[in-house]
Amino acid sequence: MMLSPLIIAAPASGSGKTTLTLGLLAALKRRGLEVAPFKVGPDFIDPGHHAAACGRVSRNLDGWMCGEPAVRSTFARGSAGTDLAVIEGVMGLFDGASGDSDEGSTAEIARWLEGELLLLVDARFQARSAAALVKGFVDFDPRLRFAGVVFNRVGSARHEQLLRQAVASTPGLPPVLGCLPRESGIELPERHLGLVTAADQAADFAALADLVENHLDLDGLLSGLRETNAPAPIFDQSLPHGEGAGRRSRVRIGVARDAAFCFCYPENLELLTAAGAELVFFSPLADTLPEDLDGLYLPGGYPELFLDRLGDNGELIGQLRTAAAAGLPIYAECGGLLLLCEGLNDKPLSGIFPARARLLEKRKSLGYREVTFTADTPLGPAGTVARGHEFHYSELEMPASVPRVYALRRKGGAELESEGFSCKNVLASYVHLHFGGNPQLAENFVRFCERKKR
């Protein structure tokens with residue numbers, strides 16, 4: 001048995017969901033509970049902080065990119081053997097892929113997993129009106145369960161009294177379980193892709209745990225959650241079960257992993273391993289390429305923050321050029337794509353693609369993407385469909401002579417300019433694909449590497 005999933009939701013972005021989630025994770029760990037962290041949506045940075053707070057890998061639950069079977073499977077794997085799952089929502093509770101459904105939203109995940117919602121409301125500039133806001137969210141979808149309400153950025157004891165009175169006097173509302181003070185002094189700094197990563201600056205988890213213990217009725221919250229059966233092992237739709245699954249490693253795939261290349265969904269790596277890959281991690285900032293590789297995976301991250309160190313690692317840059325010229329299968333996403341360009345902000349890089357990239361002051365692109373392969377690629381043949389996410393502040397000038405093998409659509413169906421750059425056995429794109437939405441991608445890449453190895 002375990003407690004029903006606890007989902008931290010809010011009326012809008014910027015309400016303080018990450019701060020509350022980290023405080024809860026740290027406080028529950030302090031109490032000796034084994035907690036499984038999750039994040040709704042495609043974000044890479046928040047899960048890193050979750051893992052630092054409670055010592056377990058945090059996984060993304062994304063209804064649009066992956067679909068219900070894969071989300072349920074991810075939740076079952078990630079929560080196995082734990083006392084409670086804490087899930088940080090995305091944007092506002094009902095915000096997702098469209099205006100007429102909860103597709104891709106926190107509410108959708110709450111329904112699928114039968115979780116209980118802790119609604120976090122930014123209470124600045126309101127008192128009794130906050131009760132009207134809470135009532136609107138509680139009544140909007142009667143299928144959802146609410147464990148309670150937490151008010152954030154509360155200005156004074158009198159402000160807290162008014163908020164509690166407003167909710168208590170309104171029929172049908174869940175209890176107020178806490179009021180977080182306006183000036184806590186523990187919020188994490190941000191930069192151009194969101195919060196700083198956990199590797200760059202760890203949160204003060206002791207202070208966050210104290211915040212929760214001092215200002216939330218944690219005992220009341222836990223006692224109010226239902227006991228439920230732990231998710232049963234199900235036929236895992238997100239893992240390959242065909243040729244190679246469960247066998248010894250068929251290929252060695254190098255995976256870039258350091259402060260510059262840290263954006264990678266755990267399922268992508270697990271699916272590659274399940275398909276028969278031995279993963280060999282290395283740091284492009286400090287290492288050379290591992291020996292005897294049959295393929296290479298370059299995830300995204302923050303290469304723009306480490307241009308001097310990347311450019312100064314001349315041996316690695318030369319190895320990348322040699323490997324690509326020799327036909328080594330390489331798959332690169334976003335930051336990995338930039339590493340394969342001639343340069344970024346006038347700093348020379350590997351030059352596998354004849355493109356120059358530059359960092360912009362304003363965001364260049366953000367949103368979900370559906371990808372259809374228009375030619376055979378290392379990840380699959382023409383016609384393969386995958387889903388992912390794009391978020392970057394850079395742009396590049398890629399010559400028209402470089403083949404584009406991705407037909408892109410927004411989540412609403414609108415067509416975008418073709419992308420997915422191809423050169424020999426190299427495939428690179430700004431899009432971060434989630435292999436959970438199409439597990440065959442991992443099997444295809446392992447098979448491609450195996451064929452080229454032979």
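The values are calculated or read from the model by the stated rules, or taken from the named source; none is laboratory data. Quick caveat, the model's predicted, so the values are computed rather than measured. FYI the Cβ positions are ideal-geometry reconstructions off the backbone, even for glycines, and counts take in every protein chain you see. Remember, those area values only see protein heavy atoms, side chains included, never the ligands or the DNA or RNA. Shrake-Rupley method; radii C 1.70, N 1.55, O 1.52, S 1.80 Å.
Structure data summary
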read-out	value
Matching option when the condition is under 25 Å from the mean Cα position of the chain (by Cα) and farther than 30 Å from E415 by Cα, among L360, L349, L307, L316	L307
Lone qualifier among R182, R128, R143, R164 - being basic (K, R), within 21 Å of S13 (Cβ to Cβ) and touching a residue at least 12 places away in the same chain (Cβ under 8 Å)	R182
Every pair of residues 6+ apart whose Cβ atoms lie under 7 Å, when the first sits in segment 387-416 and is without any contact (Cβ under 8 Å) to a residue 12 or more places away in the chain while the second is open to solvent by 20 Å² or more (accessible area, probe 1.4 Å) and not polar (S, T, N, Q)	E415/R409
Single unsatisfied condition, D83 versus (1) in contact with a Gly (Cβ under 8 Å, 6 or more places away or on another chain); (2) at pLDDT 95 or above	(1)
Selection count, segment 196-231, where residues are open to solvent by 60 Å² or more (accessible area, probe 1.4 Å) and at pLDDT below 75	4
Residues that are surrounded by fewer than 19 Cβ atoms within 10 Å (Cβ to Cβ) and touching a Lys or Arg at 6+ places or on another chain (Cβ under 8 Å), drawn from segment 287-334	P290, D292, D308, G311, A325, G327
Filtered residue count, segment 348-384, keeping only those that are among the aliphatic types (A, V, I, L, M) and farther than 15 Å from S429 by Cα	4
Checking G420 against (1) assigned to a strand (DSSP E or B); (2) open to solvent by 40 Å² or more (accessible area, probe 1.4 Å); (3) small (G, A, S), the condition it does not meet	(2)
Count - residues of segment 61-120 that are touching a Cys at 6+ places or on another chain (Cβ under 9 Å) and hydrophobic (A, V, I, L, M, F, W, C)	1
Residues of segment 259-281 classified as touching a residue at least 60 places away in the same chain (Cβ under 8 Å) and within 19 Å of K39 (Cβ to Cβ), total	8
Evaluation of L188 against (1) within 23 Å of P5 (Cβ to Cβ); (2) among the aliphatic types (A, V, I, L, M); (3) in contact with a Leu (Cβ under 6 Å, 6 or more places away or on another chain); (4) modelled with pLDDT under 95 (one fails), failing number	(1)
Count of segment 367-410 residues which are modelled with pLDDT of 95 or more, of a type in the set (A, V, I, L, M) and assigned to a strand (DSSP E or B)	6
